[in-house]
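In what follows, a structure is listed as structure tokens, so that the remarks can point back to it.
No value in this document is a laboratory result; all are computed from the given coordinates. A quick note: this is a predicted structure, and the numbers were derived from the prediction, not measured. With ideal geometry, Cβ positions are generated from the backbone for all residues, glycine too; neighbour counts draw on all protein chains shown.
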Amino acid sequence: MRIFRRLVEKWNNTARDNRVLTSVAVGALAVVLIFTAILSPAIVGASAATRRLPIYCVQRDNKAVSLTFDAAWGNEDTEQLIEILGTYDVKATFFVVGEWVDKYPESVKALHDAGHEVMNHSDDHAHFSSLTNEQIIDNINKCNDKIEAVTGVRPTLFRPPYGEYDDHVIAAVDSMGIHTIQWDVDSLDWKDLSASEIYSRVTSKVAPGSIVLFHNAALHTPEALADIIEYLISEGYSIVPVSELILKGEYTIDHTGRQIPVQ
């Protein structure tokens, strides 16, 4: 009987161990299946495909580029920038904050009268990712109202303050029929780089379809601007406002933010 009881106990222990091993194996298999599903190229691709991006640059067959200037606080160089751009008959795009319009309406009018685009850079330079959809739309409309009151033209382009955005920001702006515009060439002029450093950064990075970022009140931007324009012209580039650079009709935006026509 003792031998029989030992055999029964051994069988029970073995069965219990097998159940434990089976549970562990099933759990491990579940983890593997979950990670495999998450990392599946199809699922990763679907996730990437749903990410909303602004336009950083444009796929162009010709050598066209846009020069853009953000105006949020100071106004030291606006008139000088207008003069330099006028010397070369270049039209640029100025993204202005609504509060800047309040302070410098005469500069907004001067930009418009000189043929430059005056577009939206928010009403108060807020962090848009922290705003609700309704707050985003209200903020943009406030700035658009101010610009339109001075220029007679309602902006169709928006550049988010600080270059910050997420899916819900882009979705809210898209719902207004407005394009969100970033840049692929950053002059870093706001860091008070020298004119030669600004020139080197821009000319080494620019390509057909590029959108170049400057600021209207940076220390050495006027000093660098003429040489940059002369370089672009000598390299066969045409310099156009952003609304003329971006594509009309059907397009996609790839993972780098490049706007690409649908074939």
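The table for this structure:
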| read-out | value |
| --- | --- |
| Sequence-distant residues sharing a close amide H with residue 238 (under 5 Å, placed H) | 63, 64, 65 |
| Simple label model, 7 Å out from Cα along Cβ direction - residue 196 to residue 254, nm | 3.6 nm |
| In segment 47-131, chymotrypsin sites (Phe, Trp or Tyr not before Pro) in a DSSP loop with at most 14 other beta-carbon atoms within 10 Å | 73, 88 |
| Reach of residue 191 by Cα under 15 Å, taken over aspartates and glutamates that are not fewer than 8 positions away in the same chain | 70, 223 |
| Quotient of C-alpha Rg and 2.2 N^0.38 Å, computed over segment 188-263 | 1.26 |
| Efficiency of FRET from Cβ geometry, residue 176 and residue 79, R₀ 35 Å, rounded to 0.05 | 0.65 |
| Estimated vicinal HN-Hα couplings, Hz - segment 150-163 in sequence order (Karplus 6.51, -1.76, 1.60; Gly, Pro = x) | 8, 9, x, 10, 8, x, 10, 10, 9, 10, x, x, 6, x |
| Cβ-Cβ FRET estimate between residue 127 and residue 234, R0 fixed at 51 Å, reported to 0.05 | 0.80 |
| Calculated diffusion of segment 107-263, Stokes-Einstein form, Kirkwood radius summed over Cα pairs, 20 °C and 1.002 mPa s, µm²/s | 126 µm²/s |
| Separation in nanometres of the label points that stand 7 Å from Cα toward Cβ, at residue 204 and residue 52 | 3.6 nm |
| Computed lengthening from residue 113 to residue 88, 0.36 nm per intervening residue step minus Cα-Cα distance | 7.4 nm |
| Global geometry of segment 57-157, whether rounded, prolate or oblate, following the gyration tensor of its Cα atoms and the 1.5 cut on a/c | oblate |
| Amide hydrogen neighbours beyond the local backbone of residue 69, cut-off 5 Å, H modeled | 93, 94, 95, 214 |
| Coil-residue trypsin sites (Lys or Arg not before Pro) of segment 168-261, DSSP, other Cβ within 10 Å capped at 14 | 248 |
| DSSP-loop GluC sites (Glu not before Pro) across segment 159-263, with at most 10 other Cβ within 10 angstrom | 250 |
